1. Placing unit charges on C-beta atoms (Lys and Arg positive, Asp and Glu negative, everything else neutral), compute the dipole magnitude of the stretch 149-204 about its Cα centre in debye, rounded to 20.
2. Using only the Cα atoms of the stretch 72-129, what semi-axes does the equivalent ellipsoid have when each is the square root of 5 times a gyration tensor eigenvalue? Give whole Å, largest first.
3. Can you sort Tyr197, Tyr65 from fewest to most other Cβ atoms within 10 Å of each residue's own Cβ?
4. Report for the chain the percent antiparallel among DSSP-assigned beta bridges with both residues inside it, nearest 5.
5. Amide H neighbours of Ile263 under 5 Å, counting only residues 5+ apart in sequence or on other chains, H built in-plane at 1.01 Å?
6. Starting with the fewest neighbours, write out Arg185, Arg151, Arg139 ranked by other beta-carbon atoms found within 10 Å of each beta-carbon.
7. Shape of the stretch 83-165 from its Cα gyration tensor (a ≥ b ≥ c, root eigenvalues): rounded if a/c is under 1.5, otherwise prolate when a/b > b/c, or oblate?
8. If amide H atoms are built 1.01 Å from N in the plane of the peptide, which residues on other chains or at least 5 residues away come under 5 Å of the amide H of Ile30?
Amino acid sequence: MKVTVVGAGNVGASVAEYVAMKELADEVVILDIKEGFAEGKAMDLNQCATLNGFNANVIGTTGDYSKTAGSKVVVITSGIPRKPGMTREELIGTNAGIVKSVTENLIKHSPDAILVVISNPMDTMTYLSAKSSGLPKNRVIGMGGTLDSARFRYRLAEALACNPNDVQGVVIGGHGDTTMIPLTRLATYNSTPVSNYLSEEKLEEVAKATMVGGATLTGLLGTSAWYAPGAAGAAVVEAIVRDQKKLMSASVYLEGEYGQKDICVGVPVIVGKDGWEEVVDFKLNDDEKAKFEASAAAVRKMNDALEL
Ligand SMILES: NC(=O)C1=CN([C@@H]2O[C@H](COP(=O)(O)OP(=O)(O)OC[C@H]3O[C@@H](n4cnc5c(N)ncnc54)[C@H](O)[C@@H]3O)[C@@H](O)[C@H]2O)C=CC1
Ligand SMILES: O=C([O-])CC(=O)C(=O)O
């Protein structure tokens with residue numbers, strides 16, 4: 001089984017590292033345009049094999065798509081990250097061209113692949129990838145909600161002073177500072193509503209911290225984050241290659257679900273060997289529905305900037 005990661009930068013290298021460490025593929029190809037960069041990352045990762053006890057061959061290439069041929073899953077991380085003070089949306093001018101050409105090249109060599117799109121602005125890049133690949137809708141998955149949900153659970157666990165693994169919480173909507181929707185009403189601490197323990201004000205604070213999770217890290221790091229984005233990307237890969245049928249929040253092409261059409265935006269989906277297999281209806285209340293509608297409208301506006 002071959003998994004390809006495009007972009008050998010912070011996020012791509014992190015995805016490749018988790019994929020190799022978890023032995024999600026026996027061949028992990030990393031492709032970048034920067035001369036020798038992917039080859040260097042691959043060699044460095046291969047030298048972890050005996051230290052971390054994995055057996056996966058990591059192959060790096062500078063732009064040779066023939067090495068990606070026959071990939072089961074391809075993760076797209078190529079493109080520029082934001083700097084402090086920027087929004088993800090400001091990256092569209094540079095990243096749209098990169099994501100379009102990368103998608104077209106990948107599909108030539110791996111027509112049966114499932115694409116996991118990470119490059120920002122992610123929902124719009126997922127829509128672009130879906131349109132320019134011509135793949136069946138289930139084989140294009142935007143990764144943002146999985147990361148945002150992990151950050152939501154982290155913030156909830158911080159507020160509850162508990163083990164994050166005892167907390168469930170999902171973020172839907174666009175992967176943007178103002179478009180994310182942390183579903184606080186549905187979040188639980190070991191099956192009990194978090195509102196049993198946290199005030200409305202505290203939950204509002206948790207939701208706000210979740211929404212600006214990426215911006216907060218960008219401010220601290222000077223560039224955007226990579227450990228949790230890498231782990232979230234690898235979690236989607238794992239759900240596919242191990243056919244986990246896992247319920248994850250992901251940006252997928254909607255045809256009426258959640259009241260939206262012809263858009264990729266974050267909703268709960270089941271992920272397995274065929275990509276995303278179905279959208280799960282969380283039965284949103286009126287307030288959540290209104291937020292989702294506003295979020296989708298913002299994503300749609302961004303999509304209008306694409307030349308398809
Ligand atoms: N969806 C999400 O949850 C997240 C998305 N991101 C996004 O992921 C993207 C990558 O972020 P980082 O890895 O931190 O950036 P980075 O700058 O560390 O790495 C990007 C890599 O892409 C490569 N690249 C550029 N054009 C290419 C092309 N045409 N073909 C192949 N490779 C190409 C660059 O040479 C560079 O090595 C950014 O757009 C960032 O905003 C980052 C974190 C989370
Ligand atoms: O914040 C950013 O620009 C990168 C990203 O999408 C995230 O970490 O959530």
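1. My answer is approximately 140 debye.
2. One finds semi-axes of 23, 10, 8 Å for the stretch 72-129.
3. If I rank by nearby Cβ atoms, fewest first, I get Tyr197, Tyr65.
4. Given both bridge residues lie in the chain, the antiparallel proportion sits at roughly 50 percent.
5. Residues meeting the criterion, in which the H sits 1.01 Å from N, are Leu254.
6. Placing the least packed residue first, the sequence is Arg185, Arg139, Arg151.
7. Oblate is the answer for the stretch 83-165, as a/c is 1.5 or above yet b/c matches or exceeds a/b.
8. When sequence neighbours closer than 5 places are left aside, the close amide H contacts are Val5, Ile59, Gly60, Thr61.
Each value in this text was obtained by applying a stated rule to the coordinates, not by laboratory testing. Bear in mind the structure is a predicted one, so any value in this text is a computation, not a measurement. Backbone-built Cβ (ideal geometry, glycine too); neighbour counts: all protein chains shown.
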